[in-house]
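Engineer: Below you will find the structure I want to go over with you.
The values are calculated or read from the model by the stated rules, or taken from the named source; none is laboratory data. Just so you know, these numbers come straight off a predicted model, no measurement behind them. Methodologically, a virtual Cβ is constructed for each residue, glycine included, from the backbone with ideal geometry; neighbour enumeration extends over all protein chains shown. Calculation scope for accessible area: heavy atoms of the full protein, side chains included, ligands and nucleic acids excluded. Shrake-Rupley method; radii C 1.70, N 1.55, O 1.52, S 1.80 Å.
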Amino acid sequence: MACLKLPAAAALLLLCLFASSASAEDKPAAPAAAAAPKTSKIIESAGETQLPNGVGDVALDGACKADAAAFCKGITPGEGRVAMCLTRRIKQAQQGNMAGRMVRPKCEEQVSAYKVERSKHINKDPALARACKDDAANFCKSVSDSSTPGSVLICLREKQRKLTTQCKGEILRTQAEIAEDWRLDPQLYSACSASAAKLCQEAEPGTEVDCLLASSKSLDWSCLGHVVRVEKEAAGDIRLNMKLFRACVNDQKKFCKGIEPGHMRVQECLEDAMDKAGFSGGCKAALEEVIQMRVADFRLDTGLLDACEDDLQAICSTSADKMEKSSEEKDRAMACLQQFKEELHSDACK
């Protein structure tokens, strides 16, 4: 076969073009620019913040990659959806309601770490921030998580009776999470972690705050204030007291079936049933401990505060807030309620 002869200049040009093309194909592509982390500023007064792991969910490129693929197929990462899916799986395993593969311990640690980070700023939790946006504007506009982590959520919990229904639901979700892991209340954990390390080494998970309250005489004022705050917030709902809930779960099903949790309803039902046949000794002991705490500190008796709020103002010219700030005011108010018991407007307060 005859070879095609090209002029030297043309041959050289083709050779250069071929070499250039081959070089371009062989050269590795430049890495794609990393996506900028997403930020959130749903509640403007709380300040802008980066979403955890850049998407607002547990990281899927680490210890939870395989578990998320196995248990959370079809769930779009973001707003804690994958973390919630993995949490359900973890709880099912803890309750013995699951067969087969479990979420790996390293992934459990990663889910917990995500929740701890999310708890520091309300805008890191978009579902919570959206539900409570208007309430934060009405009651907590001067509070910022950028300066004091966790402060907006504390402010909202203090105003809980005035919140919208959708915000109350999200607040309850965060309180249930704190009941299981007290690190999710940044201010409580910051003030009390050193005391807990000394006083509550043997406490079961979810009972650290109860342990601290039982050791209240050994706590500094900052820690004690946060412990009382958290106990007060949880006092009316058995679901937020892990020690009582665990001790009484079977008695609740047996004696208080159909009673809606909240506003002391389940606790009062259980207290009424304490002396009935079949009532467990463990639940009775846990209830008696709670009752003693309420007697020792009126702030933990949310039923009393709710029932007597109007009478405290109308007859005794005081309020729960004033009573909380002064032991003398508390003693005066309690004496007033006793003295004018027959004149009280609220039968529940009587």
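Engineer: Under 20 Å between alpha carbons, and skipping anything fewer than 8 positions from LYS254 in its own chain: which lysines qualify?
Structural biologist: Hits, sequence-local ones excluded: LYS243, LYS276, LYS284.
Engineer: Still on this structure, I have one more. Do any trypsin sites (Lys or Arg not before Pro) in the range 242-287 lie in a loop, going by DSSP, with at most 13 other beta-carbon atoms within 10 Å of their beta carbon, and if so which?
Structural biologist: LYS257, LYS276
Engineer: Would you work out the charge dipole size for the range 77-196 about its Cα centre, treating the Cβ of every Lys and Arg as +1 and the Cβ of every Asp and Glu as -1, and quote it to the nearest 20 debye?
Structural biologist: Rounded to the nearest 20 debye, it is 300 debye.
Engineer: Also, I was wondering about something else. Give the lysines whose C-alpha is closer than 20 Å to that of LYS159, dropping any in the same chain fewer than 8 places away, or say none.
Structural biologist: Those lysines meeting the cut-off are LYS120, LYS133, LYS141, LYS168, LYS232, LYS322, LYS325.
Engineer: Over the C-alpha atoms of the range 44-172, what are the Rg and the largest Cα-to-Cα span, Dmax, in Å?
Structural biologist: Computed over the Cα atoms of the range 44-172, radius of gyration and Dmax are 16.1, 49 Å.
Engineer: Over all Cα pairs of the range 114-174, how is the pair count split among 5 Å bins, expressed in % and running from 0 up to the last occupied bin?
Structural biologist: 4, 21, 35, 27, 11, 2
Engineer: Rolling a 1.4 Å sphere over the protein heavy atoms, what is the accessible area per residue of the range 194-349, to the nearest Å²?
Structural biologist: 57 Å²
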